[in-house]
1. Criterion first (under 28 Å from residue 133 (Cα atoms), of a type in the set (Ser, Thr, Tyr) and surrounded by 11 or more Cβ atoms within 10 Å (Cβ to Cβ)) does residue 56 satisfy it?
2. If I go through the range 95-124 residue by residue, how many of them are modelled with pLDDT under 95 and among the basic types (Lys, Arg)?
3. Within the range 96-124, track down each residue that is surrounded by 14 or more Cβ atoms within 10 Å (Cβ to Cβ) and within 23 Å of residue 155 (Cβ to Cβ).
4. Filter the range 25-53 for residues that are of a type in the set (Asp, Glu) and part of a helix (DSSP H, G or I); which is surrounded by the fewest Cβ atoms within 10 Å (Cβ to Cβ)?
5. Restricted to the range 81-95, and to residues that are of a type outside the set (A, V, I, L, M) and more than 13 Å from residue 137 (Cβ to Cβ), which residue is surrounded by the most Cβ atoms within 10 Å (Cβ to Cβ)?
6. Please go through the range 125-134 and give me each residue that is farther than 22 Å from residue 77 by Cβ and either at pLDDT below 95 or open to solvent by less than 30 Å² (accessible area, probe 1.4 Å) (or both), ordered by number.
7. For the structure I just gave you, tell me whether residue 11 is among the hydrophobic types (A, V, I, L, M, F, W, C) and open to solvent by 90 Å² or more (accessible area, probe 1.4 Å).
8. Just name the residue that is modelled with the highest pLDDT out of those in the range 135-168 that are exposed (fewer than 15 other Cβ atoms within 10 Å of the Cβ) and under 16 Å from residue 80 (Cβ atoms).
Amino acid sequence: HLGGDDPAVCLPMLANGEVVGLVSAQFPRGAAVDPQAIELARSASEQIALSLSSVTLREALRDQAIRDALTGLFNRRYAEESLLREIGRAARRRGHVSVMLIDVDHFKSFNDAMGHGTGDRLLREIGTAIATSTRTEDVAARYGGDEFMVILSEAEIAAVTAALEGSP
């Protein structure tokens, strides 16, 4: 409505002190701006803002519940649930599911010698490498302190072995 001739009002959608959107109410040209309509738009903007905030919070909490905070990969609980689901799916379809468990050798010694900050950076880098090396349908997870799990649905062991060995 900016630059137009029709009267309009813009109302911020505020949730928890943050602007999460904007409601624009436009009135017919030549009509008086109705205070009741503005109040209705204000009320609607408040309700919409609360709903958006609730959805955003719910998504953030869900993400925190299934993701490892350090690496951004899925966590062990999510991986174990996913593995059961993938095994069931593979059994129904008479398909395949492969699982890789990756353990970082001598990580404790490295962490003790280099410090926890450096150890955390190493784990983040490993997590990034795993995440960028897997397919979108795979489940890459931090299984434990220095252990990682990758669930590869519809992947036969020969293809997984070749991928791990760097074969085409």
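1. So residue 56 fails the test.
2. Selection size over the range 95-124: 1.
3. Let us first name the residues in the range 96-124 that are surrounded by 14 or more Cβ atoms within 10 Å (Cβ to Cβ), namely 96-100, 102, 104, 107, 110-111, 119, 122-124.
Scanning the range 96-124 gives 96, 97, 98, 99, 100, 102, 104.
4. So the first thing to find is which residues in the range 25-53 are of a type in the set (Asp, Glu), and the list is 34, 39, 46.
Remaining after also requiring part of a helix (DSSP H, G or I): 39, 46.
On the way: 39: 10, 46: 15.
Ranking the qualifying residues of the range 25-53, first place goes to 39.
5. Residue satisfying both the conditions and the ranking: 81.
6. Filtering the range 125-134 for residues farther than 22 Å from residue 77 by Cβ gives 125, 129, 132-133.
Matches in the range 125-134: 129, 132, 133.
7. Numbers: among the hydrophobic types (A, V, I, L, M, F, W, C): yes; open to solvent by 90 Å² or more (accessible area, probe 1.4 Å): no.
Considered against the rule, which asks whether it is among the hydrophobic types (A, V, I, L, M, F, W, C) and open to solvent by 90 Å² or more (accessible area, probe 1.4 Å), residue 11 comes out as no.
8. Going through the qualifying residues, I end up with 147.
The values are calculated or read from the model by the stated rules, or taken from the named source; none is laboratory data. All of these numbers come straight from a predicted model, not from anything done at the bench. Methodologically, a virtual Cβ is constructed for each residue, glycine included, from the backbone with ideal geometry; neighbour enumeration extends over all protein chains shown. For the accessible areas, the whole protein counts, side chains as well, though only heavy atoms, and no ligand, DNA or RNA atoms are used. Shrake-Rupley method; radii C 1.70, N 1.55, O 1.52, S 1.80 Å.
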